[in-house]
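> Got a structure here, written out as structure tokens. Questions coming.
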């Protein structure tokens with residue numbers, strides 16, 4: 001992918017999740033006690049993961065699934081338990097290793113964990129692609145380019161999340177720009193659903209695809225929106 005913004009942001013995310021925030025992220029995605037604020041984020045992420053899994057067929061036996069930006073692997077595990085042949089990839093070697101370490105013994109060897117770029121065409125073809133909160137740090141144009149790239153090697157559906165452009169998220173976005181901190185995650189990029197739908201409809205590489213279900217999850221500081229793209 002040639003877009004400099006995507007490449008630059010990808011590098012920022014790799015540094016953040018593999019160095020700055022790995023301990024906090026590992027704790028957030030476990031069952032360990034966390035602060036009240038982080039508990040709302042954890043609850044929101046759990047609801048979002050359930051939502052994306054509901055967008056997928058209940059029986060995934062014989063289907064190949066890409067977990068794009070797998071993090072600590074919770075969604076990969078549930079997809080594998082449904083029978084999917086899962087390739088789980090993330091930029092952070094530390095998070096990928098944590099995901100592999102957390103894999104239940106009965107699923108040993110059932111998930112192909114890799115470190116790398118979710119956009120890598122060398123990963124092959126898939127029946128379904130899932131990108132949970134792995135696109136929320138990218139601008140609208142990069143999000144559409146990534147989805148168009150996925151579409152070229154996906155047979156059935158792409159389910160993903162984006163940061164909805166709400167008043168609250170926009171305020172947080174401006175606050176992050178005004179008061180940057182080294183230990184803060186790269187900024188979330190709020191996107192208008194209307195603008196996203198318009199860009200998806202206009203993208204030639206997404207001809208033959210249509211928007212399906214969508215659902216917004218709001219839990220404390222966690223705000224994200226799920227969307228489904230279906231191949232016609």
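None of the figures in this text is laboratory data; all of them are computed from the coordinates on show. No experiment lies behind these values; they were computed from the predicted model shown. Cβ placement follows ideal geometry from the backbone for every residue including glycine, while neighbour counts extend to all protein chains displayed.
> Which one of 142, 67, 120 has the biggest mean-square fluctuation once the chain is modelled by GNM with Cα springs under 10 Å?
Of the options given, 120 has the highest mean-square fluctuation.
> Determine, from the Cβ-Cβ distance of residue 207 and residue 97 and an R0 of 41 Å, the FRET efficiency 1/(1 + (r/R0)^6), rounded to the nearest 0.05.
Result of the calculation: an efficiency of 0.55.
> Sorted by average packing, counted as other Cβ atoms within 10 angstrom per residue and highest first, what order do 106-117, 47-58, 72-83 take? Don't skip to the end; give the middle numbers.
Numbers: 106-117: 14.2, 47-58: 17.6, 72-83: 20.6.
Taking the mean over residues of other Cβ atoms within 10 Å, the ranking is 72-83, 47-58, 106-117.
> Give me the percent of DSSP beta bridges within the chain that run antiparallel, rounded to the nearest 5. Mind dumping the intermediate values first?
Working: 15 of 34 bridges.
Roughly 45 percent of the DSSP beta bridges within the chain come out antiparallel.
> Using a 7 Å offset from the Cα along the Cα-to-Cβ direction at both residue 23 and residue 106, what is the distance between the two label points in nm, to one decimal?
Between residue 23 and residue 106, the label points sit 3.5 nm apart.
> Could you grab the relative contact order for the chain? Cα pairs under 8 Å, six or more apart, rounded to a whole percent.
That works out to 21 percent.
> Just to be sure I understand: if I project the alpha-carbon convex hull of the chain onto a plane and average over all orientations, what area do I get in nm²? Intermediate values should be presented prior to the final figure.
Values: hull surface 48.4 nm².
It is 12.1 nm².
> Need the C-alpha centroid separation for region 192-210 versus region 56-95, integer Å.
25 Å
> When the chain is fully extended, how far beyond the present Cα-Cα distance does residue 155 get from residue 198, taking 0.36 nm per residue of separation? The partial results should precede the final answer.
Numbers: separation 43, 0.36 × 43 = 15.48 nm, distance 2.25 nm.
Working it through step by step, the gained length comes to 13.2 nm.
> What nm value, rounded to one decimal, do you get for the distance between residue 231 and residue 15 when each label is placed 7 Å out toward the C-beta?
3.8 nm
> Next question. Going highest first, how would you order 150-162, 84-96 by mean Cβ packing within 10 Å?
Final packing ranking: 84-96, 150-162.
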